[in-house]
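Asker: Sending over a structure as structure tokens; questions will come in a sec.
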Protein chains: 2
Amino acid sequence: MARTQGSHAGITGPRLREAALRLFARHGYAAVSMRQIAAEIGVQAGALYLYTPDKQALLFALMRDHLEDLLADWQPPEAAADAQLESFVRHHIRYHLDRPDLVFIAYMELRNLEPANFAVISRLRRDYEARLEAILSRGADAGLFDVADTRLATMALIAMLTGITTWYREGGRLDRATIEARYWDMARRAVAAPVPQPKSAPVAKVGHASGGDI
Amino acid sequence: MARTQGSHAGITGPRLREAALRLFARHGYAAVSMRQIAAEIGVQAGALYLYTPDKQALLFALMRDHLEDLLADWQPPEAAADAQLESFVRHHIRYHLDRPDLVFIAYMELRNLEPANFAVISRLRRDYEARLEAILSRGADAGLFDVADTRLATMALIAMLTGITTWYREGGRLDRATIEARYWDMARRAVAAPVPQPKSAPVAKVGHASGGDI
DNA sequence: GGTTGAATTGAACGCCCGTTCAGATAATCT
DNA sequence: AGATTATCTGAACGGGCGTTCAATTCAACC
């Protein structure tokens, strides 16, 4: 046999990436073979090499594209730092909950990257972290935030937010909007400056609505 | 050749576990071969099977022992919930910073566990999480904490705290005591109830107030 | 409708995998 | 010292790995 009916690069190419993404996320890069990926999309292993130079490039492309998309998809609004922080936090949660497999891979497969690829991915991650740190820094200067160390606060918030993907399941107890609201509430409080007391102080509030299901 | 000079189960056994831990943490379970582990401790691969029934048992034992030790090493003090939370947070940070490889494995290699082993490890993790959740629940009832959802707050705090191990390096910019203090500060503020104001009514607010820093 | 090029197969390459085991040697016991 | 037991080697097992490539078939174009 050789070329099969309906074969088309525009189809097999994307399917390869999808299959690799799903299998890498589920079993880990090292535990997934090219033959398994090929079987998933209904071709022989040799055919994969029309679409990727090797297995490593497959992983690297997934991670790099994910991070570049993440960076391209959000820009800080022109607003006070607290509004920027809210925008960042809500976007981070939404973006990550929409792409659980990519997030998983981007955090778990770092050690399977060859050094040159690792350097690229690390750089992109630092760029992303730098955005949050810039907001915290600006807000601290403005007296909106009370953070003893912006780098620490950055890492703490990102870890907290990204952690959602480790337990969130579609159709679970809480819907996304609720999760987003409650995490934003915790994130805000973790870094917010104490309100100036007695008078004025605009009283915003956060929905504590105990009510909920369970 | 056969038995070698100085060979002794009391030596090779522990060395096997140490080597497996280090290599699994560094390269991942699936990417490490029994032959690599054997080479690390200076024996042939066959000799490893005097100390473990198979590779999977090696991973499982590391994870199980780690979690059992974690659970055994801390009991909530008899105190108010806020003091219990501080004790938990500080212990969590210290314990995890002391065992970076074990922590890494326990979070990253879950998917490489066979189903029966996975069930055991999941159970232990849930037990640990339940301890924090109990504190938050108790503190919320006492009015010390303001958490909309104790489960969410539990997962948020654990993710935030455990995340330290992803960037902490011995001899880095901040020492452990500083990190511990600052993370405890952020964790506390994320869940603390607003201080009861001069007068009545606890005012929950969001700091938009431009006002001064602290 | 014939030609050209894209897409794929299937076999092969050399290598490494987890695990087993008979045989050999060192440590220990009597 | 001799017998016994613990420890390890080295080879082997069947199998899977990533990757390459000539041969083959299908799709697209003239």
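The values are calculated or read from the model by the stated rules, or taken from the named source; none is laboratory data. Worth saying up front: this structure is predicted, and the values here are computed from it rather than measured. Positions of Cβ are generated from backbone atoms using ideal geometry, with glycine treated the same way; all protein chains shown enter the neighbour counts.
Asker: If you take the residues of segment A:1-21 that are part of a helix (DSSP H, G or I) and of a type in the set (Val, Ile, Thr), which of them is nearest to DNA strand C (Cβ to nearest atom)?
Answerer: Ranking the candidates gives A:Thr12 first.
Asker: Scanning for something loosely packed, with under 14 Cβ neighbours inside 10 Å, under 30 Å from B:His91 (Cβ atoms), within 14 Å of chain A (Cβ to nearest Cβ) and more than 10 Å from DNA strand D (Cβ to nearest atom), does segment B:53-68 turn up at least one residue?
Answerer: Checked segment B:53-68: no residue is loosely packed, with under 14 Cβ neighbours inside 10 Å, under 30 Å from B:His91 (Cβ atoms), within 14 Å of chain A (Cβ to nearest Cβ) and more than 10 Å from DNA strand D (Cβ to nearest atom).
Asker: Which residue pairs have Cβ atoms closer than 8 Å, lie 6 or more positions apart in sequence or on different chains, and pair a first residue in segment B:40-53 that is part of a helix (DSSP H, G or I) and at pLDDT 95 or above with a second residue that is of a type outside the set (A, V, I, L, M) and near DNA strand D (Cβ under 8 Å from one of its atoms)?
Answerer: Listed by first residue and then by second, the contacts come to B:Ile41/B:Thr12; B:Ala47/B:Thr12; B:Leu50/B:Thr12.
Asker: Related question: Taking the condition of being under 19 Å from B:Glu133 (Cα atoms) and touching a residue at least 40 places away in the same chain (Cβ under 8 Å), how many residues in segment B:54-73 meet it?
Answerer: Matching residues across segment B:54-73 total 4.
Asker: While we're on this one: Out of all the residues in segment B:165-196, which are in a loop (DSSP other than H, G, I, E, B) and loosely packed, with under 13 Cβ neighbours inside 10 Å? I'd like the intermediate steps shown before the answer.
Answerer: At the first step, the residues of segment B:165-196 found to be in a loop (DSSP other than H, G, I, E, B) are B:168-175, B:193-196.
Matches in segment B:165-196: B:Arg169, B:Glu170, B:Gly171, B:Gly172, B:Arg173, B:Asp175, B:Val195, B:Pro196.
Asker: Mind telling me which of the residues A:Phe24, A:Phe88, A:Phe104 ends up being part of a helix (DSSP H, G or I), of a type in the set (A, V, I, L, M, F, W, C) and not assigned by TED's automatic domain parsing to the domain that holds A:Thr154?
Answerer: Criteria check complete, one pass: A:Phe24.
Asker: Let me ask another. Scanning segment B:16-31 for residues that are at the interface with chain A (Cβ under 8 Å from one of its Cβ atoms) and aliphatic (A, V, I, L, M), which turns out nearest to B:Lys55 (Cα to Cα)?
Answerer: The extreme case among them is B:Ala30.
Asker: Does segment A:127-136 contain at least one residue that is at pLDDT 95 or above and within 25 Å of A:Gly28 (Cβ to Cβ)? Break it down into steps so the answer makes sense when it comes.
Answerer: Initial filter on segment A:127-136 (at pLDDT 95 or above): A:127-136.
In the following step, the residues that additionally are within 25 Å of A:Gly28 (Cβ to Cβ) were identified as A:128-129.
Yes.
Asker: Further question on the same structure: Output the residues belonging to segment B:107-122 that are assigned to a loop (DSSP other than H, G, I, E, B) and either touching a Pro at 6+ places or on another chain (Cβ under 7 Å) or surrounded by 16 or more Cβ atoms within 10 Å (Cβ to Cβ) (or both).
Answerer: Once the filter is applied, which keeps residues that are assigned to a loop (DSSP other than H, G, I, E, B) and either touching a Pro at 6+ places or on another chain (Cβ under 7 Å) or surrounded by 16 or more Cβ atoms within 10 Å (Cβ to Cβ) (or both), segment B:107-122 yields B:Glu109, B:Leu113.
Asker: While we're on this one: Taking segment A:1-43 on its own, how many of its residues are within 6 Å of DNA strand D (Cβ to nearest atom), farther than 20 Å from B:Tyr29 by Cβ and either surrounded by 14 or more Cβ atoms within 10 Å (Cβ to Cβ) or among the aliphatic types (A, V, I, L, M) (or both)?
Answerer: 2
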